[in-house]
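Rule-based calculations on the coordinates, nothing more; no lab input. Since the model is a prediction, treat every value here as computed from it, not as a measurement. Cβ sites come from the backbone with ideal geometry, for glycine too, and all protein chains shown count toward neighbours.
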């Protein structure tokens, strides 16, 4: 019989993830002990209401409302409460007491990450957060350790399951945004207030975390450009499909040269974008997550799996618990979070990207020339220009003559694919198009990513 | 100016991976120093012939033929020579001297892993091998650390790029095995002697490494069942496509109950198998690698990327170098390889799987009943049975009457899909079918995986 040292694990929060973490710690304790060389003793679970109903039947004597006392005696503190306060206070208490902390709290990390990492470094404690991005998918450790000898150039992430589920329903089942959202709510993929998901706020938090880690640079949440999916229409989804593309809400972290200064910088941004059907991310269906990483030496990598779910996310939390426990057994102060590169975070205007612009124009001679001149005056180079009937009547590409639709004046629809240009130039050019006499409506502006 | 400690890195081997590792260490030394908190000094490169031509232009004074002297003064030794000896001797020398060792040597790990891990543990040194499986794709660290709090149930890996390239060409371009192999050789994906790849030996080494790690159990290479792709025909590839499947060479590591004893065991095996077109592994084209992992809590995960290539594999090596260097800076004896579970490794006969059997039968009344009786006597339950014209004339499924082909006796082709059964029972049943009077030929036997 091997004699194990005991490691005291305190759990803060017993929601869908927390209750699964508690269950697995209790059920698989012996196996963890063998892996770690120490027993992981769940010493308590701090909750607001001891009597609240739980997903999992857990021993009542583990529950307490006194988080601070629980933290004080713990070697490892697992924070799964969510939100900024009181989570932030408890995490700081834990780190200051020398405990290692595991958290899945993306909001806390995206807004107070530097403060927490600083506190950890001060006492030689460690802050683990694999579960904060993309649920069960290992992405933090691969970025921090496996790619530590490489240079990450770009990350394209589908990191919000709710929006991917909605966009996938719109694409595969032809549902409207509203219907797809209703389905997502019905199936438990969307919360009663879906703003954090469909507004892109959740994805933006994850983009801040990934960009900070990948580029060794603090990327504050308020420097992450953000657009949600609320403006995405059935017509856009259909038109994308016909063009051999699909619309995905992407969290994009990119190392790039500032086109104004020529200096190296980074960009973090979230928006719905067109992506080619052959891109590996296009095959990510339902509520799944995937993170596509482009690195200088490794080339293209993709990490795919369940981005949410109580038991799935618990897997990532427990991986961190075992890692922290091993560190306690073998010693060593752990690895400090690195922000040595300290690159400038570029405004969205400096980002170089491509646009697909769909607009209605009056059907007169010289219209194409007018549109082309506006684009060229704006410094935007055109890769493709297609004249088509409006997508409501089927986006058949026609050549030459414009289509006539509705009862009003004869108009034609143009779909313009641009070459890469600065976002600011693209946006200004779209404004110039909107102000032009020959343009009657701009029906869709989408960025194109992944190439 | 920060004062860094110097860490001495010795490189053994300067082939396609080694020369890229040396180049990146020299070029990106400052960036690594910031990440690690110490300078990584490449102190020398041991090679057999100092004057041999290299992929990369490297300072001549770094080269030496005296590996042992180089090892003696090193903090970190990177072994990229390949093969068993002298690599094994040098790795042991390095570990015994207390140096951490990074290796990409799958043959060495699959055959002498326990000896090397034991040597590392004795002196508190660490042995890293992320590059040994699936090139640039982080898979060792996710299995060892990220999933340390979960239970891996199954791994399906496309871990040999050469065979995936060949099978993909056969599927997508309709090439024969020979033509596809010739293309692979021409493009540098296959070696002059392709036996290690197409015979499944390379994949078997990787299966032994993955299974040992995932199941905390020593899985010796000689307990890995192995079949290569040399028997795969154009007809099989075509028939698979028509059935909505694709043939992939899979490395399979599975936790399973021994059907004879009822006890938990593990299986590691390599063979070409049918996999549904909708499975994420079916979308892995060309020479890419991917590892699909099923874990108790995390569910399905997939790791995708470049499985080979000098600079790509160098990324994985350097990730390990930086990890080792960080450990030198922060201290701590590292994590010992865990084989505590020590599960029995099951013979291929005990594996529970499914078969697709294609056979020609005489076209007489009662043939179907005879075939069904042989299957049922063998304890094999049939999921689907289709009578079809031979695939050489297009595998059209016909109902009722048998097709007549060739100049010989009238025969019909049957495609039988079985339910899950023990491999031994399936193999014995195939033998009984072959011995039967009504069966004129068995044209294909393939396992079905992924469901």
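What the table below lists for this structure:
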| read-out | value |
| --- | --- |
| Alpha carbon Rg of region B:238-289, scaled by the compact-globule rule 2.2 N^0.38 Å | 1.44 |
| Virtual paramagnetic centre 7 Å along Cα→Cβ of residue B:230, amide N under 12 Å, in region B:191-212 | B:194-201 |
| Label 7 Å beyond Cα on the Cβ vector: residue A:185 copy-to-copy distances, nm | 6.4 |
| Cα-based Kirkwood hydrodynamic radius, region A:191-266, one decimal, Å | 14.4 |
| Rounded to whole Å, sorted largest first: equivalent-ellipsoid semi-axes of region A:208-309, Cα gyration tensor | 25, 17, 15 |
| Label point 7 Å beyond Cα of residue A:187 along Cβ direction - residues of region A:228-249 with amide nitrogen under 18 Å | A:247-249 |
| Stokes-Einstein D in µm²/s, Kirkwood radius over Cα pairs - the protein assembly as shown at 4 °C with 1.567 mPa s viscosity | 44 |
| Computed over region A:47-180, Cα set: Rg, Dmax in Å | 18.6, 54 |
| Principal axis dimensions, largest first and in whole angstrom, of region B:105-148 by Cα | 28, 23, 13 |
| Whole-percent pair-distance distribution, where bins are 5 Å wide, for the alpha carbons of region A:133-181 | 5, 18, 19, 14, 13, 11, 10, 7, 3, 0 |
| Share antiparallel - DSSP beta bridges, chain B, percent rounded to 5 | 70 |
| Cα-based equivalent ellipsoid of region A:273-329: semi-axis lengths in Å, sorted from largest, via gyration tensor | 29, 18, 6 |
| Theoretical gain in end-to-end length, residue A:372 to residue A:66 [0.36 nm per residue, Cα-Cα removed] | 103.5 nm |
| Length released on extending from residue A:261 to residue A:153, taking residue separation times 0.36 nm less the Cα-Cα span | 37.0 nm |
| Inter-copy spacing of residue A:98 label points, which lie 7 Å from Cα along Cα→Cβ, given in nm from shortest upward | 2.6 |
| Kirkwood hydrodynamic radius (C-alpha pairs) into Stokes-Einstein, region B:276-383, 37 °C and 0.692 mPa s, D in µm²/s | 162 |
| DSSP beta bridges in region A:139-306 [antiparallel fraction, %, rounded to 5] | 95 |
| Separation of the residue A:85 and residue B:382 label points, Cα + 7 Å toward Cβ, nm | 7.2 |
| Crossing angle, helix A:423-435 versus chain A [Cα axis fit, 0-90 degrees, rounded to tens] | 40 |
| Rounded tilt (10° steps) of B:177-186 against the dominant C-alpha axis of chain B | 20 |
| On Cα atoms only, tilt of A:201-215 relative to the major axis of chain A in degrees | 80 |
| Diffusion coefficient, µm² s⁻¹, Stokes-Einstein with Kirkwood Rh over alpha-carbon pairs of chain A at 20 °C and 1.002 mPa s | 90 |
| Once the Cα gyration tensor of region B:139-306 is diagonalised, semi-axes √(5λ) in Å | 28, 16, 16 |
| Inter-copy label distances at residue B:31 (7 Å, Cα→Cβ; nm, one decimal) | 3.9 |
| Efficiency of FRET from Cβ geometry, residue B:431 and residue A:5, R₀ 56 Å, rounded to 0.05 | 0.50 |
| Largest to smallest principal axis extent of the C-alpha atoms in region B:338-381, angstrom | 59, 18, 12 |
| Counting DSSP beta bridges with both ends in the protein assembly as shown, the antiparallel % (nearest 5) | 70 |
